[in-house]
Amino acid sequence: MGGPEALILALTSPQRRAILEQLRIPFEVVAPSYVEDDPPDADPAELVRLHAEGKARSVHEDGRVTLGVDTTVVLDDRVYGKPADRADAARMLHELSGRTHSVLSGVCVLGLAEDVLLHEITVVTFRVVSHELVDGYLESGEWEGRAGAYAIQGLGGRLVERIEGDYLNVVGLPGALLVSVLEHHAPKLLQTRS
């Protein structure tokens, strides 16, 4: 699905690849060399934009359109990145239980007439979850490598009561925002292919 008319995707997330396939946006994956650093006092929106830009710049080629994305979970101004281990994941899920948090994704698109650096916010409310439900979810292993320790598109959907905003953003890539940017700056990338 590559070629010069394809987006360079500066990440390796299977969820983000699946979203681009769903939206029929041609892409090729290049693993970014950017190393994330999360200062504890960083503004979450700035942080996801910074990481998205760092990922995109680490693989960008002149004459190509490059996409970098970074997603995090925020509750009470605290960033919930990827859990270090099972105990950290359990702590996160119990803290999110019965509460409303934000999922922020930074999006950087390079190689257009002008660089685009934006972020999207989706509000997610968790059900009050029992220790048994959390233990069962942790047993699945789905929490590994996920901001906030859950994946809404899988078993993690059992934890969620409702969302406000772009569902795909919670999965890991704000589809509506990306399509809007490409419609405005690179419509050829949106031509439907069979």
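The values are calculated or read from the model by the stated rules, or taken from the named source; none is laboratory data. All values derive from a computational prediction rather than experimental measurement. Every residue, glycine as well, gets a Cβ built from its backbone with ideal geometry; the counts of neighbours run over all protein chains shown. Areas reflect the complete protein model, heavy atoms only, side chains present, ligands, DNA and RNA absent. Shrake-Rupley method; radii C 1.70, N 1.55, O 1.52, S 1.80 Å.
General observations
- The listed residue being polar (S, T, N, Q), more than 22 Å from Glu183 (Cα to Cα) and open to solvent by 50 Å² or more (accessible area, probe 1.4 Å), out of Ser33, Ser102: Ser33
- Considering the range 66-83, and only residues there that are of a type in the set (A, V, I, L, M, F, W, C) and at pLDDT 95 or above, the residue that is farthest from the chain's Cα centre (by Cα) turns out to be Leu75.
- When the residues of the range 115-130 are filtered to those that are among the β-branched types (Val, Ile, Thr) and open to solvent by 50 Å² or more (accessible area, probe 1.4 Å), the one that is farthest from Gly63 (Cα to Cα) is Val128.
- Candidate set: the range 147-188, residues that are on the phi > 0 side of the Ramachandran plot and crowded, with 22+ Cβ neighbours inside 10 Å; chosen: the one nearest to the chain's Cα centre (by Cα): Gly172
- Per the conditions (1) closer than 26 Å to Gly157 by Cα; (2) open to solvent by less than 10 Å² (accessible area, probe 1.4 Å); (3) out of contact with any helix residue (DSSP H, G or I) (no Cβ under 8 Å at 6 or more places or on another chain), the sole criterion not satisfied by Arg78 is (2).
- For Ala176, the test of being of a type in the set (Gly, Ala, Ser), under 18 Å from Gln22 (Cα atoms) and part of a helix (DSSP H, G or I) is passed.
- Sole residue being within 17 Å of Ala10 (Cβ to Cβ), out of contact with any strand residue (DSSP E or B) (no Cβ under 8 Å at 6 or more places or on another chain) and hydrophobic (A, V, I, L, M, F, W, C), chosen from Val35, Val69, Val59: Val35
A quick yes/no check of all residues on (1) of a type in the set (Ser, Thr, Tyr); (2) over 30 Å from Glu5 (Cβ atoms); (3) in contact (Cβ under 8 Å) with a residue 60 or more places away in the chain; (4) buried (at least 16 other Cβ atoms within 10 Å of the Cβ):
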{"position": "Val73", "(1), (2), (3), (4)": "no, yes, yes, yes"}
{"position": "Pro83", "(1), (2), (3), (4)": "no, yes, yes, yes"}
{"position": "Glu95", "(1), (2), (3), (4)": "no, yes, no, yes"}
{"position": "Ala113", "(1), (2), (3), (4)": "no, no, yes, no"}
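- Pick from the range 36-67, criterion surrounded by fewer than 19 Cβ atoms within 10 Å (Cβ to Cβ) and among the basic types (Lys, Arg), ranking: nearest to Leu112 (Cα to Cα): Arg64
- Every pair of residues 6+ apart whose Cβ atoms lie under 6 Å, when the first sits in the range 27-53 and is in contact (Cβ under 8 Å) with a residue 60 or more places away in the chain and hydrophobic (A, V, I, L, M, F, W, C) while the second is open to solvent by 60 Å² or more (accessible area, probe 1.4 Å) and outside any loop (DSSP other than H, G, I, E, B): Ala45/His119; Val48/His119
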